[in-house]
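These notes are about the structure you will find just below.
The values are calculated or read from the model by the stated rules, or taken from the named source; none is laboratory data. All of these numbers come straight from a predicted model, not from anything done at the bench. As a convention, Cβ positions derive from the backbone with ideal geometry for all residues, glycine included, and neighbour counts pool all protein chains shown. Only protein heavy atoms, including side chains, enter the accessible area calculation; ligands, DNA and RNA are left aside. Shrake-Rupley method; radii C 1.70, N 1.55, O 1.52, S 1.80 Å.
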Amino acid sequence: MSYPATRMLAMLELLQAHHELGGRDLAQRLGVDERTVRRYAARLAELGIPVTAERGRYGGYHLMPGYKLPPLMLTDDEATAVVLGLLAGRRLGLAAEATEAALAKIRRVLPITLREQVGALEETLGFTLAERAATTPASRAVLTLAAAIRDRRRVTLRYRSWKGDQTERELDGHGLVFHSGRWYVTGHDHRSGETRTFRLDRISTVVPGTASYEIPEESDPVRQVTASLAQVPYAHVVEVVLHVPLAEAARRVPPSVATLTEAPDGVLLRMRAESLDGMAAMLAGLGFRFTIVSPRELRTAVQRLAERLLTFGADGDRQPTCH
């Protein structure tokens, strides 16, 4: 660090990485005296970078809260971590447009060597998780709800249901959940008097109020979201008894797909399905013995599937014919 500009950039990076550093500590890290540190701080302030000095025994230097450093101040490891996080977020369907914009900005300011290395990583990185298309809610709604839940402040929502009906609701939020490419908020809905789940992309406005509340100790937003998704109003309500222990069934059937409760002969699986043929295929894929409770039409769908599988097996036994 033989040049003042290099040492000033190093000082800025240190202040970015630490909440506050004393003058003596900064001087030792930079290899200069404390007077030079004061001069660097004054020069950075002249450049519009708000470095604040606190005098006294426990004083030190820090950046003013809210100051946003440019991406070029990231170290190689930090820049790589940010890019990896953005790539994973893009795969999950998390804020797709903002993710692409952030990736483009970071690529533009990375040093050439690191940019090429990150590009190689992006080209060669594979995911076992299937890519998801997502409907991204307004960032303002996400941030407003998060702040209201943290501060335990009731909010008023303007919400559009899956049928298209517009309603206004007062909500005591319990938590935000990101699941399968969508954002959800759970909490006590004063309109229904129940704990409800709402999709954030269907919320048009969020207005924080002044009323406060407490979140129940037993509240579990993730469990609430997955359980409510299992009750989506599809065409058929299905009840099937799986003849296996509850723990074994739970390993194969996620809570977002169905609710599982212990029954005398095993586990009662209850879910909604749009297609009974698809439901039959799912039951067959579980590999468990089962008894259909309802609807009766599901038995016919299972029989059709069994007949098709037997036909496929018979076709496979035939010898190929040459012409």
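Could you tell me the calculated FRET efficiency between ALA284 and VAL222, based on Cβ-Cβ distance and R0 = 25 angstrom, to the nearest 0.05?
Once the sixth-power term is evaluated, E becomes 0.30.
Using θ = phi - 60° and the Karplus form 6.51 cos²θ - 1.76 cosθ + 1.60, what ³J(HN,Hα) does each residue of segment 213-225 get, whole Hz, x for Gly and Pro?
Result, ordered by residue: 7, 10, 7, x, 4, 7, 5, 9, x, 5, 5, 4, 5 Hz.
Write down the accessible area per residue of segment 198-254 in Å², having rolled a 1.4 Å probe over the full set of protein chains.
Accessible area per residue: 56 Å².
Apply the Karplus parameterisation 6.51 cos²θ - 1.76 cosθ + 1.60, with θ equal to phi minus 60°, to every residue of segment 114-120 and state each ³J(HN,Hα) to the nearest whole Hz, in sequence, with x for glycine and proline.
5, 4, 5, 5, 5, x, 5
Lys and Arg at +1, Asp and Glu at -1: add these up for the other residues within a Cβ distance under 14 Å of ARG108 and post the number.
+1
Which FRET efficiency, nearest 0.05, do ALA101 and ALA263 yield, Cβ-Cβ r, R0 56 Å?
0.65
What are the ³J(HN,Hα) couplings of segment 303-311, residue after residue, when phi is run through the Karplus curve with 6.51, -1.76, 1.60 and θ = phi - 60°? Round to Hz, x for glycine and proline.
4, 4, 5, 4, 5, 5, 5, 5, 5
Find out how many positive minus negative residues lie around ASP76, taking Lys and Arg as positive, Asp and Glu as negative, among other residues whose Cβ is under 15 Å from that of ASP76.
That works out to -2.
List the residues whose amide H sits under 5 Å from the amide H of ILE215, counting only those 5 or more places along or on another chain, with H placed 1.01 Å from N in the peptide plane.
Residues meeting the criterion, in which the H sits 1.01 Å from N, do not exist here.
How much length would be gained if the chain were fully extended between LEU309 and ARG115, taking 0.36 nm per residue of separation minus their Cα-Cα distance, in nm to one decimal?
Value of the extension gain: 64.6 nm.
How high is the FRET efficiency between GLU194 and GLU46 when r is their beta carbon distance and R₀ equals 56 Å, given to the nearest 0.05?
With R0 = 56 Å, the Cβ-Cβ based efficiency is 0.45.
If I model a spin label as a point 7 Å beyond the Cα along the Cα-Cβ vector, how far apart are those points for THR75 and GLU123 in nm?
2.8
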